[in-house]
Amino acid sequence: MSLQDAYLGAAERTLVLLEAPEVAAAWEQPSALAKLTVGGLAGHLAYQILSVSAVLQVPDSAPQEPPPQDPPIPLLEHYARAAWIDAPLDGEVNAGIRAKGEGVAAQGASWLAKLARTSFAEQQTRLAGCAGEQAVFLPQTGWSLRLDDFLVTRMLELAVHMDDLAVSVGLAAPELPQEVFDPVAALLVRLAARRHGQAALLRAFTRVERAPATVNAI
């Protein structure tokens, strides 16, 4: 299965969760993430789908800047450059992410779910004509990624925040298809090894007696 198909599978499960009545009922309540409502978390989750429409320049998506001449950067370099990874909870970057999520969700649960499903339907057609190696420009970062690499970043976000949203409203986290879980898990392992070192990661997986007492989130 292609990464395009894997992404669409993850997005479909996300839509089912966004459409759950439990999410709408808890919309204004605090989520499992600090300083973010359930609605704001749903908005951040839906944005991961909407952002694919933006880079594919699907009609009615956000206007795009002309793609730069620079080639796409490697996936791990994308995370090495990301400002949010080591930013504090109250820092400008994370405050901006929370504000964007709340803004995306401002018109309510039903509107957001319909918007995300419309974008998803358009992507099903658009992705069928795309090659995984093609470069897509990310206006929010100022650099490009291979389409397949970008879709892996979206699957990671969808997987992590589906769990956050499900926990926030008392639902079981959606089970990910293997073709989604495998690239997400592989990316998380590579990011964890880069942050904590290979020995710490191996010990955490196999040697409880030598595992670090605490391991910070990626």
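For the stretch 70-112, give me each residue that is under 22 Å from F150 (Cβ atoms) and hydroxyl-bearing (S, T, Y).
If the condition is that a residue be under 22 Å from F150 (Cβ atoms) and hydroxyl-bearing (S, T, Y), then Y79 is the only one that fits.
I need a count of the residues in the stretch 1-28 that are closer than 18 Å to G170 by Cα and touching a residue at least 60 places away in the same chain (Cβ under 8 Å).
So the answer is 14.
Suppose we filter R207, R203, R126, R154 for residues that are under 23 Å from L75 (Cα atoms) and more than 16 Å from the chain's Cα centre (by Cα); which single one remains?
Just one listed residue meets the conditions, R126.
Consider the stretch 27-43. How many of its residues are in contact with a helix residue (DSSP H, G or I) (Cβ under 7 Å, 6 or more places away or on another chain), of a type in the set (A, V, I, L, M, F, W, C) and either modelled with pLDDT under 95 or open to solvent by 10 Å² or more (accessible area, probe 1.4 Å) (or both)?
Within the stretch 27-43, residues that are in contact with a helix residue (DSSP H, G or I) (Cβ under 7 Å, 6 or more places away or on another chain), of a type in the set (A, V, I, L, M, F, W, C) and either modelled with pLDDT under 95 or open to solvent by 10 Å² or more (accessible area, probe 1.4 Å) (or both) number 4.
Looking for something part of a loop (DSSP other than H, G, I, E, B), within 23 Å of L3 (Cα to Cα) and modelled with pLDDT under 95 - is there at least one such residue anywhere in the stretch 75-93?
yes
Count, please, the residues in the stretch 105-121 that happen to be in contact with a helix residue (DSSP H, G or I) (Cβ under 6 Å, 6 or more places away or on another chain) and modelled with pLDDT of 95 or more.
7
The values are calculated or read from the model by the stated rules, or taken from the named source; none is laboratory data. Since this is a predicted model, take the numbers as computed values, not measurements. Methodologically, a virtual Cβ is constructed for each residue, glycine included, from the backbone with ideal geometry; neighbour enumeration extends over all protein chains shown. These area figures cover heavy atoms from the full protein model, side chains too; ligands, DNA and RNA do not enter into them. Shrake-Rupley method; radii C 1.70, N 1.55, O 1.52, S 1.80 Å.
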